[in-house]
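Participant: This structure is in structure tokens; I'll ask about it shortly.
Every number here is computed from the coordinates shown, using simple stated rules; none is lab data. The structure presented is a predicted model; accordingly, all values stated were derived computationally and were not measured. Because the Cβ atoms are built from the backbone with ideal geometry, glycine has one as well, and the counts that use them run over all protein chains shown.
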Amino acid sequence: MHEDSDAERPRPRTQASSIASTAHHVDGRHRRGLFASLALIPEVTNPYHYPRRTKWMITVLVAIAGMAAPLGSAIVMPVLADIARNFHASSTIANLNVAIYMLSMSIFPLWWSSFSETLGRRSIYLVSFVLFLLFGVLAAVSTSMAMLIVMRVLSGGAAASVQAVGAGTIADIWEPKERGRAMGLFYLGPLCGPLFAPIIGGAMGEGLGWRSTQWFLVVYGGIMVLSILFLLPETLVKRKDLAKEAEDEKGAAQQQQPLTRMSTRQSVQIKTKKYATLAKRIFIDPLLVLAYLKYPAVALTVYYASIAFGSLYFLNISIQQTFAASPYNFSTLIIGLLYIPNSIGYFLASLFGGRWIDRIMHREATKAGRYDENGKLSFRPEDRMRENAWLAAFLWPGALIWYGWTAEKGVFWFVPMLANFFFGIGSMLIFGLATTMLTEFMPRRASAGIAINNFVRNIFSCAAAVASGPIIDAIGNGWLFTILGLWSLVSGCAVIWAMKNYGDRWRRRMGEGGI
């Protein structure tokens, strides 16, 4: 189980040679992935050697694909009341369209990540987006609330493949010294979903009804299938062959026995064992990645990113619920526009934050005089958590408290929206930081690290989507976001302190375990 291993690919000796290296194309007959011959960008032996413009094109494509799942989650927020009226359901039941959708985004990536080790990245992207397209059509024609929720769960689970496999693709093609900026751009895709989705959902819902939001997702999915088919090559350097491994295990068992005629019963037993091994690795082993949470560096990174993500969904539900009521009484379209400020914050932090983090990492390695045997700077994941993390640790919890009390008191809408802008900046710094650190704490299992992150953070967001409405009704926005803000502030300071003091020890322990 050692995908994404930097050790398994030829490495350039210097930075200059990395830039100048020539990409060697894989012969058309040996290219991997579904319909590989249709890809206009050829597969290469070492994805690090793709030209920079090709790397950026792949990064942008994967980022746009990464928008699909969050887009599907947020696009219904402005029309939840319409859905409830259409199916004669309560607002709490309607909110399950978001809550259970987020739960599917936490579970399905565990399998997508595992399958990508065997099938490769390209095949996973194609299969998952075809399923996204199919379930999107069924969601659009739903005849009951139950059917809508189930189809959206399956649709979200399909599109969630990018949440796990996408970061692995970025790690496949970018070296660590450049990865922060690329990861920031990739993460901008999933976080642009909350920017565009409510605007699209509000405009389409007001003019064409809530079903039009689901048809929009169908069109989006179709465009992504065609884009991946023609523009995305296989980037995984080495993938596993589960059938071959099962066959090898069978062969090893047979070698330990004397050569005799095999009875039909023995033959059946061997074949049964082979298929049982395959079934275990396909259906059970993906859950085993959760065992990586036993490592403090992974657990703390995932925890901190998850409370930020959960807070985002408390915020999203609060906007829909608070600004539709008195004293604001905004229309569906205007409520959709209120999601813009925090998303602008995401965009700015993603655009400049990744480059800032890369510079911090370079500065820390230079200051410590860390060089490898080839004379290249040696980077450590914990180097990324410096002044940028401290800024974020105070910025987004403070913004939550700011939003909570201004929304509670009915202050002019611009004031709570300004708080959301700063929440977007602070939380995005944490999202990008956590994603990049996980790929570096687990270089051989980059996709697994991201799958764990998605699993935990989407459970947090699911809980937030279910609990936010009743909690706001019970204690109001002010106290809810004060509690969240203080919890987030204490957690952030504790995580940064622990990483600074123990990060190196934890990382070395993981390295000794072959992670």
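Participant: Where nothing but the Cβ of Lys and Arg (+1) and of Asp and Glu (-1) is charged, how large is the charge dipole of the chain around its Cα centre, in debye to the nearest 20?
Facilitator: The calculation lands at about 1200 debye.
Participant: Moving on to the next point. So how much slack lies between Arg29 and Thr45, counting 0.36 nm per residue of separation and subtracting their Cα-Cα distance, in nm?
Facilitator: Using 0.36 nm per residue and subtracting the Cα-Cα distance, I get 4.4 nm.
Participant: Which residues' amide hydrogens lie under 5 Å from the amide hydrogen of Val44, considering only partners 5 or more residues apart or on another chain, with H built in the peptide plane?
Facilitator: Val26
Participant: Which three lengths, in whole Å and largest first, does the range 364-510 cover when its Cα atoms are put on their principal axes?
Facilitator: Principal-axis extents of the Cα atoms in the range 364-510, largest first: 61, 29, 23 Å.
Participant: Let me ask you something else. If the label point is 7 Å along Cα→Cβ of Tyr328, which residues in the range 404-438 have backbone nitrogen under 17 Å from it?
Facilitator: 404-424
Participant: Same structure, new question: Please give the residues of the range 103-117, grouped as numeric ranges, whose backbone N is less than 18 Å from a label point set 7 Å along the Cα-to-Cβ vector of Ala291.
Facilitator: 110-111, 113-115, 117
Participant: While we're looking at this one, here's another question. If you work out Rg and Dmax of the Cα atoms in Å from the coordinates, which of (1) 32.0, 92; (2) 23.7, 86; (3) 26.4, 87 do you get?
Facilitator: (2)
Participant: Also, I was wondering about something else. Which ³J(HN,Hα) values, rounded to whole Hz and listed in residue order, are derived for the range 277-285 from phi using the Karplus coefficients 6.51, -1.76 and 1.60 in 6.51 cos²θ - 1.76 cosθ + 1.60 with θ = phi - 60°, glycine and proline given as x?
Facilitator: 3J(HN,Hα) across the range 277-285, in whole Hz: 5, 4, 4, 4, 6, 7, 9, 9, 4.
Participant: Follow-up question, since we're still on this one. Any idea which of Pro176, Gly72, Tyr125 is furthest toward the positive side of the dipole for the range 42-201, if Lys and Arg beta-carbons carry +1 and Asp and Glu beta-carbons -1?
Facilitator: Toward the positive end, the furthest listed residue is Pro176.
Participant: In deg cm²/dmol, rounded to 500, what helix-only [θ] at 222 nm does the chain give when every DSSP H run of at least 4 residues adds -39500 (n - 2.57) and the total is split over its residues?
Facilitator: -25000 deg cm²/dmol
Participant: Evaluate the relative contact order of the range 108-239 (contact order divided by residue number), counting alpha-carbon pairs under 8 angstrom at least 6 apart; express in whole percent. Present the calculation step by step, with values, prior to reporting the outcome.
Facilitator: On the way: 129 pairs, mean separation 53.7, N = 132.
It rounds to 41 percent for the range 108-239.
Participant: Determine the relative contact order of the chain: mean sequence separation of Cα pairs under 8 Å and six or more apart, normalised by residue count, in whole percent.
Facilitator: 24 percent
Participant: Taking 0.36 nm per residue of separation and subtracting the Cα-Cα distance, what length does fully extending Val219 through Met147 add? Present the calculation step by step, with values, prior to reporting the outcome.
Facilitator: Details: separation 72, 0.36 × 72 = 25.92 nm, distance 2.03 nm.
Once the chain is fully extended between Val219 and Met147, it gains 23.9 nm.
Participant: What FRET efficiency, computed as 1/(1 + (r/R0)^6) with R0 = 45 Å and r the Cβ-Cβ distance, is obtained for Lys271 and Ser378, rounded to the nearest 0.05?
Facilitator: Values: r = 49 Å, r/R0 = 1.08.
The computed FRET efficiency comes out at 0.40.
Participant: Roughly how tilted is helix 296-322, in degrees to the nearest 10 and between 0 and 90, from the longest Cα axis of the chain?
Facilitator: The answer is roughly 30 degrees.
Participant: Roughly how tilted is helix 242-255, in degrees to the nearest 10 and between 0 and 90, from the longest Cα axis of the chain?
Facilitator: 40 degrees
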